[in-house]
Amino acid sequence: MGSVRYDEQSVTVPTALKILIAGGFGAGKTTLVGSVSEVRPLQTEEVLTGLGLDVDDTFGVEQKGTTTVAMDFGRITISEDLQIYLFGTPGQDRFWFLWDELAFGALGAVVLADTRRLADCFPSVDYFEQRGTPFVVAVNMFEGHKEITEAALRTALDLDPEVPIVLCDARDRRSGKSVLIALVEYVAERRGLSLAGAPS
């Protein structure tokens, strides 16, 4: 029987960073993960049925026909030594029991905000604040979104002054990457790290 020699010098195990994509029902979490992932994202979308209409508030997102029932998953390779794993959380409170497992070991989080339904962000903001998880708020620029100033948004969500707020279009890959970069820069700043020379 043959044997396989394991040479520690020749094996490179990439560093993996875990980022959560959170926010309310219909905020664009699945769309964001799908737009930036280099691989076909794992999605646990199910069709909304008549029974769900009594449970899920679809005001402002009436065109939404599916919902995430577990998580979304995507991957971005930064370099041979660094990969980012994206986990999109379910938006409805009946699936919040999954959040602790998804949040374990996360570098930070993106809270997607829909200005038509700002109150839907509160649970995500509260969750990450209580855990001490760094997060940025990304305002998803839906067609027909309500204009709001950064100051008004910060007041409405009761955000600490240092929490970054960025605008994005969850459908656009470049815009989504800018959100992730803002989060990584914020985490690095909190930890006193320099990102000089890091790939863009």
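Among all residue pairs at least 6 apart or on different chains, which show Cβ distances below 7 Å where the first residue, located in the stretch 168-193, is touching a residue at least 24 places away in the same chain (Cβ under 8 Å) and under 15 Å from N140 (Cβ atoms) and the second is in a strand (DSSP E or B) and open to solvent by 20 Å² or more (accessible area, probe 1.4 Å)?
What qualifies is V179/V166; A182/V166.
Within the stretch 2-28, take every residue that is closer than 18 Å to V184 by Cα and of a type outside the set (A, V, I, L, M) and give me the one that is modelled with the highest pLDDT.
Top of the filtered list is K18.
May I ask you to list the residues in the stretch 15-36 that are out of contact with any Lys or Arg (no Cβ under 8 Å at 6 or more places or on another chain) and in a strand (DSSP E or B)?
Correct list: T15, A16, L17, K18, I19, L20.
Count, please, the residues in the stretch 114-164 that happen to be among the β-branched types (V, I, T) and open to solvent by 30 Å² or more (accessible area, probe 1.4 Å).
The number of residues fulfilling the criteria is 3.
The values are calculated or read from the model by the stated rules, or taken from the named source; none is laboratory data. Predicted model, so just to flag it, every value in this text is computed and none were measured. When we count neighbours, we look across all protein chains shown, and the Cβ atoms used for this are built from the backbone with ideal geometry, even at glycine. Accessible surface is based on the protein model in full, side chains and every heavy atom, while ligands, DNA and RNA are left aside. Shrake-Rupley method; radii C 1.70, N 1.55, O 1.52, S 1.80 Å.
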